[in-house]
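So the structure is just underneath, and the comments pick up after that.
No lab work stands behind these numbers, since they all come straight from the coordinates. Computed from a predicted structure; not experimentally measured. Positions of Cβ are generated from backbone atoms using ideal geometry, with glycine treated the same way; all protein chains shown enter the neighbour counts.
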Amino acid sequence: MKKIYTIGFTGKTAKEFFTKLENEGVKRVVDIRLKNSSQLAGFAKKDDLKYFLKKINGTDYLHIPELAPTGSIMESYKDKKISWPEYEKQFNNLLAERKIENTMKEELSDGDCFLCSEEKPDFCHRRLVAEYLQKKLGSITIQHL
């Protein structure tokens, strides 16, 4: 049984963020944002995050943008052109088209943590990715941090 985590950095201080990861024993942060170098990301910008994770927690970092929604799906939702249920449907269809379970079957490790920006997992693609993989691969438990 693999245990995977999810976390968003919005609404967290760096101290809260890195402490949560450390307390849970997260071994690797899997960044599933489409763009991981935004100025708004603060301590969670790609190169900075990779450095901080290794230096503070000894945690590895991997960016897999194929686990992110397309820009058009994301913009449609943000611009309120589609509802959350429609976003979920489109994003789950995208994951199925990409056959992420084939890649992630070998890549996913016990103690991995999916990262995105949303504060809570309820309306976030990190929850959808975790649940999709749980359904496809089985033997996965999910904990949202």
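Count charges around ILE64 for me, please; just the other residues with Cβ under 9 Å from its Cβ, Lys/Arg as +1, Asp/Glu as -1.
On the way: positive: none; negative: ASP31, GLU66, GLU107.
Once all neighbours under 9 Å are counted, the net charge is -3.
Taking Cβ atoms as reference points and 14 Å as the exclusive limit, the residues near ALA96 contribute a net charge of 0, counting Lys and Arg as +1 and Asp and Glu as -1. Mean separation of Cα pairs under 8 Å and 6 or more residues apart, divided by the residue count, gives the chain a relative contact order of 47 percent.
Each label point was placed 7 Å from the Cα along the Cα-to-Cβ direction; for HIS144 and GLU16 their separation is 1.5 nm.
Ordered by the count of other Cβ atoms within 10 Å of each Cβ, fewest first, ARG127, ARG98 give ARG98, ARG127. Values of log10 I(q)/I(0) for segment 72-145 across q = 0.11 Å⁻¹ run -0.29, by the Debye formula with one identical scatterer at each alpha carbon and no solvent. Each part reduced to its alpha carbon centroid, segment 1-34 and segment 46-114 end up 13 Å apart. Among PHE17, PHE43, a tally of other beta-carbon atoms within 10 Å of each Cβ gives an order, fewest to most, of PHE43, PHE17.
Take each of the peptides 59-67, 76-84, average the number of other beta-carbon atoms within 10 Å over its residues, and list them starting from the highest. It would help to have the intermediate numbers written out before the result.
Details: 59-67: 17.2, 76-84: 12.2.
Highest-to-lowest ranking by the protection proxy: 59-67, 76-84.
By the beta-carbon count within 10 Å of each Cβ, the least crowded to most crowded order of MET104, MET1, MET74, fewest first, is MET1, MET74, MET104. The slack in the chain from LYS89 to SER109, taken as 0.36 nm per residue of separation less the alpha-carbon distance, amounts to 4.6 nm. Please report the net charge: other residues with Cβ closer than 9 Å to the Cβ of LEU53, K and R +1, D and E -1. Once positives and negatives cancel, what remains is +3.
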